[in-house]
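Visitor: One structure, as structure tokens, below. Some questions next.
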Amino acid sequence: MVVPASAAPPPADWNAEGYRRHAGFVAELAAPVVEVLAPRPGERILDLGCGDGVLTATLAAAGATVIGVDGSPDMVAAARARGLDARVMDGHALCGGTLFAAGEDRRPFDAVFSNAALHWMLRPDAVISGVAGLLRPGGRFVGEFGAAGNVARIGQALVACLDRRGIDGRAAWPWYFPEPEDYRARLIAGGFTVVRLERFERPTPLPTGLAGWLATFAGPFLRHLPAAGRDAYLAEVADAVAPGLRDGNGQWWADYVRLRFVAVRPDRPA
Ligand code: BEZ
């Protein structure tokens, strides 16, 4: 019998130290999308899904006033330890009322930026509408996240190996990886003008191997298994994907596919 697994909420219990060790490359590979954002001195920018604040700090170093938000208290603590203004907040519930403290500067943002976070937010329309509400007219929403086909081999193996244990792996799927046209339509429906939107493959070497990646990101699948069964499950996943994702030198790669976009909130309603 296949038991339905409820889809996990994004892991709010991420561990900042583990993330830095196994997934530090996420921020390192974000230089191109930061370049697309082109933060300017004096701009007010919201970093949505700021994680441990590595990129938030880059935006602040460009002279912008940046607020970072993230659902994980541990990540927000790590960002604050860098001296950043970071707040625990669910990306589905963005609005000035909950973001700002009483008496705080509530001027709208010039830009909302997001790297490698939007795929954890399973209700994209709520996110887009919250972003639109925080931007000034003419403000930009610039982001990059997983597109359709992202981590396809790893994801398929995670699902199949749960299925094999009688658990509905698909129901545990924690990510939103849209087709470009799906996301474009949602941005437009949310009142944005889409200036740029592209999907591209970006195979990514994993500094601590597949094991490090799975330790960081496979929690939504692992939580359906008893602790005693997890190592065997992860070994089976690794065996399944090794032919496609481990090269002749033993280097593991993740089959990343990105969606990068720029959308602008029009000056006046269309
Ligand atoms: C990504 O950045 O594409 C990603 C990271 C973790 C899990 C799934 C996707």
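The values are calculated or read from the model by the stated rules, or taken from the named source; none is laboratory data. Since this is a predicted model, take the numbers as computed values, not measurements. A quick note on method: Cβ atoms are made from the backbone with ideal geometry, for glycine too, and the neighbour counts reach across all protein chains shown. Heads up: the accessible areas ignore ligands, DNA and RNA and are worked out on the full protein's heavy atoms, side chains in. Shrake-Rupley method; radii C 1.70, N 1.55, O 1.52, S 1.80 Å.
Visitor: At pLDDT 95 or above, within 22 Å of Asn15 (Cβ to Cβ) and within 15 Å of the ligand (Cβ to nearest atom), is that true of Leu245?
Guide: no
Visitor: Further question: Residue check: is Val159 within 16 Å of the ligand (Cβ to nearest atom) and in a helix (DSSP H, G or I)?
Guide: Against the criterion (within 16 Å of the ligand (Cβ to nearest atom) and in a helix (DSSP H, G or I)), Val159 qualifies.
Visitor: Something else now. State which residue is farthest from Pro203 (Cα to Cα) when the search covers only the stretch 5-35 and only residues that are open to solvent by less than 40 Å² (accessible area, probe 1.4 Å) and modelled with pLDDT of 95 or more.
Guide: Across the stretch 5-35, the extreme among qualifying residues is Val34.
Visitor: Let me ask another. All but one of (1) among the acidic types (Asp, Glu); (2) at pLDDT below 95; (3) within 16 Å of the ligand (Cβ to nearest atom) hold for Asp70, so report the exception by its number.
Guide: Asp70 satisfies all of (1) among the acidic types (Asp, Glu); (2) at pLDDT below 95; (3) within 16 Å of the ligand (Cβ to nearest atom) except (2).
Visitor: Taking the stretch 48-86, which residues are crowded, with 22+ Cβ neighbours inside 10 Å, assigned to a loop (DSSP other than H, G, I, E, B) and of a type in the set (Gly, Ala, Ser)?
Guide: If the condition is that a residue be crowded, with 22+ Cβ neighbours inside 10 Å, assigned to a loop (DSSP other than H, G, I, E, B) and of a type in the set (Gly, Ala, Ser), then Gly49, Gly51, Gly53, Ala64, Gly71, Ser72 are the ones that fit.
Visitor: Does the stretch 99-112 contain any residue that is under 15 Å from Leu197 (Cα atoms) and open to solvent by less than 10 Å² (accessible area, probe 1.4 Å)? Spell out the reasoning first.
Guide: Taking the stretch 99-112 and keeping what is under 15 Å from Leu197 (Cα atoms), we get none.
No: zero hits.
Visitor: Related question: In the stretch 170-210, how many residues are within 16 Å of the ligand (Cβ to nearest atom), surrounded by fewer than 16 Cβ atoms within 10 Å (Cβ to Cβ) and among the hydrophobic types (A, V, I, L, M, F, W, C)?
Guide: The qualifying residues number 1.
Visitor: Would you please list the contacts, defined by Cβ atoms under 7 Å and residues six or more apart or on different chains, that run from a residue in the stretch 169-197 that is under 20 Å from Gly133 (Cβ atoms) to a residue that is open to solvent by 30 Å² or more (accessible area, probe 1.4 Å) and of a type outside the set (A, V, I, L, M)?
Guide: Matching pairs, first to second residue: Arg186/Asp125; Gly190/Asp125; Gly190/Ser129; Gly191/Arg265; Phe192/Arg265; Thr193/Pro266; Val194/Arg184.
Visitor: Also: Within the stretch 105-141, restricting attention to residues that are part of a loop (DSSP other than H, G, I, E, B) and within 15 Å of the ligand (Cβ to nearest atom), which residue is farthest from Val66 (Cα to Cα)? Spell out how you get there, then give the answer.
Guide: Looking only at the stretch 105-141, we keep the residues that are part of a loop (DSSP other than H, G, I, E, B), and these are 105-108, 116-117, 121-123.
Those still in the list that are within 15 Å of the ligand (Cβ to nearest atom) too: 116-117, 121-122.
Numbers: Ala116: 18, Ala117: 17, Met121: 21, Leu122: 25 Å.
Among those that are part of a loop (DSSP other than H, G, I, E, B) and within 15 Å of the ligand (Cβ to nearest atom), it is Leu122.
Visitor: Ok, one more. What is the one condition in (1) under 15 Å from the mean Cα position of the chain (by Cα); (2) over 29 Å from Gly155 (Cβ atoms) that Arg44 does not satisfy?
Guide: (1)
Visitor: Residues being within 16 Å of the ligand (Cβ to nearest atom) and either open to solvent by 20 Å² or more (accessible area, probe 1.4 Å) or not aliphatic (A, V, I, L, M) (or both): count how many of those fall in the stretch 211-237.
Guide: Of all residues in the stretch 211-237, those within 16 Å of the ligand (Cβ to nearest atom) come to 211-223, 234, 237.
Keeping just the survivors that are either open to solvent by 20 Å² or more (accessible area, probe 1.4 Å) or not aliphatic (A, V, I, L, M) (or both) gives 211-213, 215-217, 219-223, 234.
Qualifying residue count for the region: 12.
Visitor: Tell me, yes or no, whether the stretch 257-265 has at least one residue that is basic (Lys, Arg), surrounded by fewer than 20 Cβ atoms within 10 Å (Cβ to Cβ), over 15 Å from Val151 (Cα atoms) and more than 16 Å from the ligand (Cβ to nearest atom).
Guide: no
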